[in-house]
1. Over the stretch 111-261, what is the relative contact order in percent, taking alpha-carbon pairs closer than 8 angstrom and at least six residues apart?
2. Estimate the FRET efficiency between Ser269 and Glu291 by the formula 1/(1 + (r/R0)^6), using the beta-carbon distance for r and 45 Å for R0, to the nearest 0.05.
3. Once Rh is set to the Kirkwood radius over Cα pairs, what Stokes-Einstein translational diffusion coefficient, in µm²/s, holds for the stretch 144-269 at a temperature of 37 °C and a viscosity of 0.692 mPa s?
Amino acid sequence: MADKIKKYFQKKKADAKFKLAGPGHRLNEESSHNQPKPHSTKHQHSGSGSRSAPSAEAKQAAAAALARMEGGGRRHDQAAFNTSLAAIQAQVRRELEAEKKAQSQTPQVETKTEAVVIETSTHFAVQGVFFKCPMIGSDILTKDEWHKKIREFLYEQLEEERGLTACLIIQSCNKNREKVEMCVETLFKYLENIVHNPTEEKYRKIRLTNKVYQERVAPIEGAQDFLLAAGFDVMKLPHGEGEEDFFVFTEDVGECVENLQILCDALKSAEPIALELDRNLQVLLPSQVAERVELPPVFFSVTAEELKREQQLRAEAIEKSMMLRTKAMREKEEQREMRRYRYALIRIRFPDGVFLQGTFTVYEKIDAVRTFVSENIIDEDRPFVLSTATGHRLTEEDYDHSLLDLRLVPASILIFTWETLLPNESAGQSMYLKPEIMLLLQSL
């Protein structure tokens, strides 16, 4: 497992060299001077061109579907597979018909639906927010569970690769980024002083009660392991009228300059072990969408009680003052309200009534939602359109805007349609999602 630590730093070093090398060129290309830059096609979703490999969610969905099919005898052959899909589609149609009937019998009143958070609810739209960590494994866990697992993973590697691992512990196991940066600067200075002043005795000793050490280094997890890996040992030395503990550099500087330089580079290049937000892909029936509207507390940057109290106070203040607010004032207040959310739950409604659901951070671009959709529809390369519930069609101009910018947080429904219908194709065709994704439809 320590190889992963080494590969991490090898990649960081290679990335740094690649950035310094400048833009790439083909061997047969002409001089780039005075040539116009090609028009970016980043957001074009045409039927041509290569696509990225299926996402982890799509692969897991496919594996789950295949596992269901392989579970027991003849009923898992292709005929049974088709029967399952037909049953799902029939259930969706029944729900849509019931929904239309209910709407026709109910007087139309203006309503405003709002996602709320309730600590004790059993009808959460999702049961939490989950993450992946490619560097460590394929598990899908909560952020707290990953932090515990990352710490365990790093300490398992400490004995075999102490210096590089200590750099990652400093970055990954301490929450206060400002204090981490101060610690890194101080440790770097310790080693730099030794390398540049190999004969200066004062740079080879660090008193543990020293104010700088106590404030900048001692509180940071992993810092002491870094010093030990660099060649320091803890010793008692005379100080004042007695003895005190010191970190003392006991190695020959001339023999360990290369190791000190490696540790300095690692200290500066290390970053926290990254977590990737798992989409928590779900396929839902209309009835499930209607009943699962509440968001768990992890979606919010304040507690449930604080949020409810602030909403109540704001509503009372507006009701009492009845003040006329300008559009700019309303938008400013709306933006302030939306910044209370960390994540966004996006549901995509297909013409056949099925919903595809995924979790995103509020700062992800709408293009990330499009990618999520294209990875799970039956025809990945076919152009499609996403529209908001108000009818606004999301175009290329919107692709670089975040979900927060587009006011799609904390939860929104987007409407899916093909950009153009094929000959003899109706808007309510039989199926839009891949068969293996459809089989993830949750039972009521």
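No value in this document is a laboratory result; all are computed from the given coordinates. Quantities reported herein were computed from a predicted structural model and do not represent experimental measurements. So basically every Cβ, Gly included, is an ideal-geometry build from the backbone, and we count neighbours across all protein chains shown.
1. 18 percent
2. Details: r = 49 Å, r/R0 = 1.09.
The calculated FRET efficiency here is 0.35.
3. 217 µm²/s
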